[in-house]
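Notes follow once the structure below has been shown.
The values are calculated or read from the model by the stated rules, or taken from the named source; none is laboratory data. Here the structure is a predicted model, which is why all the values come from computation and not from measurement. With ideal geometry, Cβ positions are generated from the backbone for all residues, glycine too; neighbour counts draw on all protein chains shown.
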Amino acid sequence: MRDTYANAQPMSAPWWSRALFYQVYPRSFYDSNGDGLGDLDGVTAKLDYLKALGVDAIWLNPVMVSPMADHGYDVADPRDVDPMFGGIEALDRLTDAAHAAGIKVTMDLVPNHTSSAHPWFQAALAAGPGSEERDRYIFRDGTGPGGVRPPNNWVSIFGGPAWTRVVEADGSPGQWYLHLFDAAQPDLNWDNPEVFDDLEKTLRFWLKRGIDGFRIDVAHGMAKPPGLPDMEVIKGEVLLADMDDDPRFNNDGVHDIHRQIRRVFNDYPDAVAIGEVWVYDNEQFARYVRPDELHLGFNFRLLRAKFDADDIRGAIANSMEAAELVDATPTWTLANHDVDREPTRYGDGAVGLARARAMMMAMLALPGAVFVYNGEELGLPNVELPDEALRDPVWERSGRTRRGRDAARVPVPWQGDGPPFGFSDNPDTWLPLPADWAALTVEKQINDPASMLSFYRTAIELRRDRSEFDGKSIEWLDSPSDTLAFRRSGGLVCVLNAGTRTIPLPVGEVLLASAELIDGKLPPDTAAWLV
Ligand code: GLC
């Protein structure tokens, strides 16, 4: 069975099948109104930059109305834009301008939970145990004498218990509600049909308004295990990236939810649904991207790979295999707002940056859709923030034992010699920019042919324009140990040296290399493209 998209556009592949998506973390991209927080008019103001970079589509982290307990992943009104980001008119302005520039706009969608400020949750608190209002969430009586203990032993991904006890209208200690993330993010009860009906309204609302698709948050999460049994093992620390062996995720019921979502998308055949799927088993992952479920799923294997040839090769081979199982489009990503930035992950300093450049070349050589996180093209590293600057709810919920994800969310440096580097007119930005980013600004990099930014732009342009980047498959080539080499069916050869010795390159014309070759050979921590 083929997906209906193929019927709608018989001979051509859908736009997203080889798109370069650029993830904009809106509060950190560009501040147009001087409040120290990025906003949507700020994104519009920088569309020329994105166009010149060669992006096909933007993915906006959540901009819906929210108290911002988890920076927008706690949605209080899914069908409006928060005033902090400029309101819905600012989104319309961005969408119109982006479309005029030939750039698609996709948004984050958060179906697993709402904000505790959502009218549904407020109504659930007011209505009391056993009510229809409470049935939209996961309320349970506590255990132990007087219900003082939570209904089961689940812990929150952000630290602390996954249950919070409410006070009933008469002032008595009451039921508990489930929140796999922050207490301000109550999980919805996806067994209640009202929950999908409302999501359908939200999808149609934005799709009719011209949004080109959604990145679906925790897309492997919505269905909970029947009976909410205790977890067998509670690890000291439950990380987002470990959600693959967590029994609360990837339950069978989630696939019916994706089929329901897909039926809505089929009325908008140009729109794309991209799931955040922290599932590693290839067959399990492939189920999410069957023809009647998501169009794309984030495969996080490459992001999780160490800078090690076997690890990288395994990540690529498995991601390809998972997609091939159901004839889906592979996806590639090295970074996002939840993980450490690549130069830091790969060893910090000059080595980390060199490896990030090499990994970027491996990613862009592969067939399918790629996702670039804002600042990745500048080679931004993590920032060591002082305790008092931390804003991620993980910091407080973990009893200040886990610093959270702020280090990778620091605003983009645009220009000038000191913080906030043109990100805002206001020196008091929501996270501080470090003074040592003076050499990393867009202004400094844009005309420097050796900069990360120039290199990214060149690589993206080659990927877009050269026919060698066509073809849906890759073939592994022999290469020395601690290195990898593959040929794309369109003809491109990519070689990556993760070892410690300089290696000879295969015969061919070098299109691009992530560092200077030494006597025509590829040094360590470097990649090259050949045709
Ligand atoms: C996803 C988001 C993350 C958020 C969480 C809860 O993993 O990427 O930033 O905190 O879901 O919504």
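Taken over the range 403-415, the criterion of being of a type outside the set (A, V, I, L, M, F, W, C) and either closer than 19 Å to residue 335 by Cβ or within 11 Å of the ligand (Cβ to nearest atom) (or both) is satisfied by 403, 404, 405, 406, 409, 411, 413. When restricted to residues that are out of contact with any Lys or Arg (no Cβ under 8 Å at 6 or more places or on another chain), among the hydrophobic types (A, V, I, L, M, F, W, C) and farther than 22 Å from residue 70 by Cα, the range 207-237 contains 4.
For the range 478-531, filtering for residues that are part of a loop (DSSP other than H, G, I, E, B), of a type in the set (A, V, I, L, M, F, W, C) and within 16 Å of residue 365 (Cα to Cα) leaves 2.
If only residues of the range 126-166 that are without any contact (Cβ under 8 Å) to a residue 24 or more places away in the chain and over 21 Å from residue 74 (Cα atoms) are counted, the one that is farthest from the ligand (Cβ to nearest atom) is 145. If we scan the range 94-117, do we find a residue that is assigned to a strand (DSSP E or B), more than 16 Å from the ligand (Cβ to nearest atom) and under 24 Å from the mean Cα position of the chain (by Cα)? Taking every residue of the range 94-117 in turn, at least one turns out to be assigned to a strand (DSSP E or B), more than 16 Å from the ligand (Cβ to nearest atom) and under 24 Å from the mean Cα position of the chain (by Cα). When the criteria are applied in full, residue 134 meets the requirement of being touching a Phe, Trp or Tyr at 6+ places or on another chain (Cβ under 9 Å) and either at pLDDT 95 or above or surrounded by fewer than 18 Cβ atoms within 10 Å (Cβ to Cβ) (or both). Note on the range 179-211: among residues that are within 16 Å of the ligand (Cβ to nearest atom) and among the acidic types (Asp, Glu), the one that is farthest from residue 265 (Cα to Cα) is 182. Scanning the range 471-489 for residues that are crowded, with 16+ Cβ neighbours inside 10 Å and either among the polar types (S, T, N, Q) or more than 16 Å from residue 507 (Cβ to Cβ) (or both) returns 472, 474, 479, 482, 483, 484, 488. Taking each residue of the range 334-345 that is in contact (Cβ under 8 Å) with a residue 12 or more places away in the chain and within 16 Å of the ligand (Cβ to nearest atom) and looking for partners that are in a loop (DSSP other than H, G, I, E, B) and of a type in the set (A, V, I, L, M, F, W, C) with beta-carbon atoms closer than 7 Å, six or more apart or interchain, yields 341/335; 341/380. Within the range 47-91, the set of residues being under 20 Å from the mean Cα position of the chain (by Cα) and assigned to a strand (DSSP E or B) comprises 57, 58, 59, 60, 64, 65, 78, 81.
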